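What follows is a set of notes on a single structure, which appears directly below.
The values are calculated or read from the model by the stated rules, or taken from the named source; none is laboratory data. Quick caveat, the model's predicted, so the values are computed rather than measured. Here the Cβ positions follow ideal geometry from the backbone for every residue, glycine too, while neighbour counts run over all protein chains shown.
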Amino acid sequence: MSVHTFDLTLGLPHTNHRFFCEHLMLKYAGHFQWQAIAAAAGLPLSTLRTTSGGEVYASFYYIEIIVPDDAPLESFRLDDTVRFVVALRSFKNLAFEGRLNFDRPERVGDASPFIRFANIFITPEKGNSRLRVAPPAQADFHELPPLPNEENPYHLTRAASESGALGLLDEAWLPVTSYEHRYPIDVDRDTNGAGLVYFANYVAFMDTAERLALDGVAPERSLRHRRIAYYGNADVNDTLTIAVTVLRSAAHPRALGFRYVIRRQEDGEIICLSEAIKATP
């Protein structure tokens, strides 16, 4: 694999009241993933274009996060250095898988917190709601290790679009409550430099819906496992509907499960599915 290492010293921009939180962690981990792809391309990603000159972006379409009990995100505090090790594979010069382990430099390894990122090149020539797959004309990723088709997360996201489930929560997880939250997109806060709704902010949208669903129950929740599948973006003037179901399992008495469905108001289309397991005190 093509491996890149990045160090991040945590400060106020990387933390919230619970220190290194999930959506902020994803912003920086995602940036390191983009930097690794750019290094493989030998070009800044902002310079990539389609054959017709359209802008190209390495959009996220699948994310999996696994956090062990002995290294929860909130254990990373101000002034801690977090090392991210990114291993890339490519699929047909069009899609990428990044496997990231992150931890304190002296600990980082296979037992550390883990992220699996999947990106595909898209162009927003027809607007945020009509993204189109488009390989860049001037970049060649043949030197990256290949991502076998059978290991491509695309198959998992496609199956989830039909079943509505990402396979993290089995039949032992039973629903206890649900909630639907409507969120008008904040064009200044929620977008990225490509003018798209930033992939990491979807987690913040889900966290808000989750907190409202729980209505004060289990205020301290610590991520252990999450899967996210992205199916589209939304116009920056649109409103999102985030439906969340809270689940419990007798096999995991000190945990809560969550299943989320995000739709855009424009046409009611699902643009994101997610499942998560979080530890509770």
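For the range 244-266, state whether one or more residues are over 23 Å from Val176 (Cα atoms), in contact (Cβ under 8 Å) with a residue 24 or more places away in the chain and surrounded by fewer than 18 Cβ atoms within 10 Å (Cβ to Cβ).
Yes - at least one qualifying residue is present in the range 244-266.
Can you name every residue in the range 24-59 that is among the hydrophobic types (A, V, I, L, M, F, W, C) and in contact with a His (Cβ under 7 Å, 6 or more places away or on another chain)?
Leu24, Ala36, Ala39
Quick test for you: out of Arg89, Arg116, Arg83, pick the one residue that is of a type in the set (D, E, K, R), crowded, with 19+ Cβ neighbours inside 10 Å and in a strand (DSSP E or B).
It is Arg89.
From the list Leu156, Leu147, which residue is in contact (Cβ under 8 Å) with a residue 60 or more places away in the chain and aliphatic (A, V, I, L, M)?
Matching residue, one of Leu156, Leu147: Leu156.
Pairs needed: first member in the range 203-220, buried (at least 17 other Cβ atoms within 10 Å of the Cβ); second member anywhere, among the polar types (S, T, N, Q); C-beta distance under 9 Å; at least 6 residues apart or different chains.
What qualifies is Val203/Ser274; Met206/Ser274; Ala213/Thr177; Ala213/Ser178; Ala213/Thr245; Leu214/Thr177.
If you scan the range 132-158, which residues turn out to be out of contact with any Lys or Arg (no Cβ under 6 Å at 6 or more places or on another chain), part of a loop (DSSP other than H, G, I, E, B) and either within 15 Å of Tyr62 (Cβ to Cβ) or of a type in the set (S, T, N, Q) (or both)?
Of everything in the range 132-158, those that are out of contact with any Lys or Arg (no Cβ under 6 Å at 6 or more places or on another chain), part of a loop (DSSP other than H, G, I, E, B) and either within 15 Å of Tyr62 (Cβ to Cβ) or of a type in the set (S, T, N, Q) (or both) turn out to be Gln138, Asn152, Pro153.
Regarding Tyr28, is this residue touching a helix residue (DSSP H, G or I) at 6+ places or on another chain (Cβ under 7 Å), part of a strand (DSSP E or B) and either at pLDDT below 95 or aromatic (Phe, Trp, Tyr) (or both)?
It is false that Tyr28 is touching a helix residue (DSSP H, G or I) at 6+ places or on another chain (Cβ under 7 Å), part of a strand (DSSP E or B) and either at pLDDT below 95 or aromatic (Phe, Trp, Tyr) (or both).
What are the residues in the range 159-191 that are in a helix (DSSP H, G or I) and exposed (fewer than 13 other Cβ atoms within 10 Å of the Cβ), if any? Explain how you work it out, then say what you get.
Step one: list which residues in the range 159-191 are in a helix (DSSP H, G or I), which gives 159-163.
Of everything in the range 159-191, those that are in a helix (DSSP H, G or I) and exposed (fewer than 13 other Cβ atoms within 10 Å of the Cβ) turn out to be Ser161, Glu162, Ser163.
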